[in-house]
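Chemist: Quick one: this structure, given as structure tokens, is what I'll be asking you about.
The values are calculated or read from the model by the stated rules, or taken from the named source; none is laboratory data. All of these numbers come straight from a predicted model, not from anything done at the bench. Note that we place each Cβ from the backbone using ideal geometry, even for glycine, and neighbour counts take in every protein chain shown. In case anyone asks, the SASA skips ligands and DNA or RNA and just uses the protein heavy atoms, side chains included. Shrake-Rupley method; radii C 1.70, N 1.55, O 1.52, S 1.80 Å.
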Amino acid sequence: MQSACQSIAQAFNGRGAIKPVKFADAYMITRDDGTMLAVEPYISGDYKKYNNNFGYVSHEGRNTPQAFSHFSYEHSNHRMLIVDVQGVGDVYTDPQIHTADGNGFGGGNLGQEGIDKFFKTHWCNPICLYMGLPICRPKLLHFITLKTKAKESGTVAGPTPASGQPQSQCAQSAGEGFKLSEYLTHIHPVSGCATEQDLALLGMRNDQFERLVQVFNTIDSNKDGALDRSEVLHVVDASNLQMDAKDLQEFMQRLDAALSKTEKLGFAQFLCIWTGNE
């Protein structure tokens, strides 16, 4: 299994990876008494598990291991995914491979279910973008920039799936299966709290977010966490955030489209319309 992973690691490095990765060599030896052992060189240092075969992602914040897993799926034309990435730095060992058909690579191969589990918790990071991988959910990236890149090229450049292969997990995650306004419903104007990841998805700085929270709460006279059209326009006037004529026109079009379906906008929906990330 590690030889298969090493082959994909070499392809990853060949794409100009900022931090090259490798897998420790693994061997099978037979002792004099006939006992067979799997052995590999000792790796000295701080050993970390970056992800596993059932959707776990480490909170260490490392980008390269997660991007490598993502790369393995695209490089193999969606036939396999390397997970259980662990080791010291970017010297990995004891991986697991999921295959789309569920065949091979032992009992840890959970097939398509394992692949789906990975993409439900994977957030694309700057290395995914740098490597030209199809973008799933952007992590700590300027969401508007990603949308612009996608619009310019039709899709973010990446390995072309083999004929007959299913649509990329990333295309599914970035498409109708993922609505930013629904994801951001945990942000409430009263608490005014947003994570770094939330801000990245919105393409906003923290000071901009805090200013909008302050203005939103001031204008929300009913304190119901929602604004009607006139109140939204008051927020635009009072926020003092610069918006050129074209941006203002596009904002008004998004606002009118949203308010044709409802009388008021909740805070999460307001944020998405404000930043153009419906």
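Chemist: Output the residues belonging to the stretch 81-111 that are within 14 Å of N52 (Cβ to Cβ) and in contact with a Leu (Cβ under 8 Å, 6 or more places away or on another chain).
Modeler: I97, H98
Chemist: Here is a follow-up. Of all residues in the stretch 127-137, how many are in a helix (DSSP H, G or I) and either in contact with a strand residue (DSSP E or B) (Cβ under 9 Å, 6 or more places away or on another chain) or surrounded by 16 or more Cβ atoms within 10 Å (Cβ to Cβ) (or both)?
Modeler: In the first step, residues of the stretch 127-137 are kept if they are in a helix (DSSP H, G or I); the result is 127-130.
Now restrict to residues that are either in contact with a strand residue (DSSP E or B) (Cβ under 9 Å, 6 or more places away or on another chain) or surrounded by 16 or more Cβ atoms within 10 Å (Cβ to Cβ) (or both): 127-129.
The number of residues fulfilling the criteria is 3.
Chemist: When the stretch 15-57 is examined, which residues are found to be closer than 22 Å to P134 by Cα, open to solvent by less than 90 Å² (accessible area, probe 1.4 Å) and hydroxyl-bearing (S, T, Y)? It would help to see each step written out before you state the result.
Modeler: First, the residues of the stretch 15-57 that are closer than 22 Å to P134 by Cα: 15-21, 50-57.
Then keep just the ones that are open to solvent by less than 90 Å² (accessible area, probe 1.4 Å); that gives 16-17, 20-21, 50-53, 55, 57.
Once the filter is applied, which keeps residues that are closer than 22 Å to P134 by Cα, open to solvent by less than 90 Å² (accessible area, probe 1.4 Å) and hydroxyl-bearing (S, T, Y), the stretch 15-57 yields only Y50.
Chemist: Being closer than 18 Å to P134 by Cβ, open to solvent by 20 Å² or more (accessible area, probe 1.4 Å), of a type outside the set (G, A, S) and in a loop (DSSP other than H, G, I, E, B) is the filter here; which residues of the stretch 76-111 pass it?
Modeler: Matches in the stretch 76-111: N77, R79.
Chemist: Go through L271, L202 for me and flag whichever is open to solvent by less than 10 Å² (accessible area, probe 1.4 Å), over 30 Å from Q112 (Cα atoms) and modelled with pLDDT under 70.
Modeler: Working: L271 fails: modelled with pLDDT under 70.
The unique qualifying residue is L202.
Chemist: Please work out which residue is nearest to R205 (Cα to Cα), limiting yourself to the stretch 239-268 and to residues that are at pLDDT 80 or above and assigned to a loop (DSSP other than H, G, I, E, B).
Modeler: Going through the qualifying residues, I end up with K264.
Chemist: Shifting gears a bit: Within the stretch 184-199, count every residue that is at pLDDT 65 or above and open to solvent by less than 10 Å² (accessible area, probe 1.4 Å).
Modeler: Going through the stretch 184-199 one residue at a time, the tally reaches 3.
Chemist: Also, I was wondering about something else. Answer with yes or no whether E60 is touching a residue at least 12 places away in the same chain (Cβ under 8 Å), closer than 27 Å to P126 by Cα and in a loop (DSSP other than H, G, I, E, B). Break it down stepwise before answering.
Modeler: On the way: touching a residue at least 12 places away in the same chain (Cβ under 8 Å): yes; closer than 27 Å to P126 by Cα: yes; in a loop (DSSP other than H, G, I, E, B): yes.
Yes.
Chemist: Continuing with this model, one more query. Just to be sure I understand the filter: pairs with C-beta atoms under 7 Å, separated by 6 or more residues or on different chains, first member in the stretch 6-25 and farther than 16 Å from G87 by Cβ and in a loop (DSSP other than H, G, I, E, B), second member open to solvent by 70 Å² or more (accessible area, probe 1.4 Å) and of a type in the set (S, T, Y). Which pairs pass?
Modeler: Sorted first by the residue in the stretch 6-25, then by its partner, the pairs are I18/Y130.
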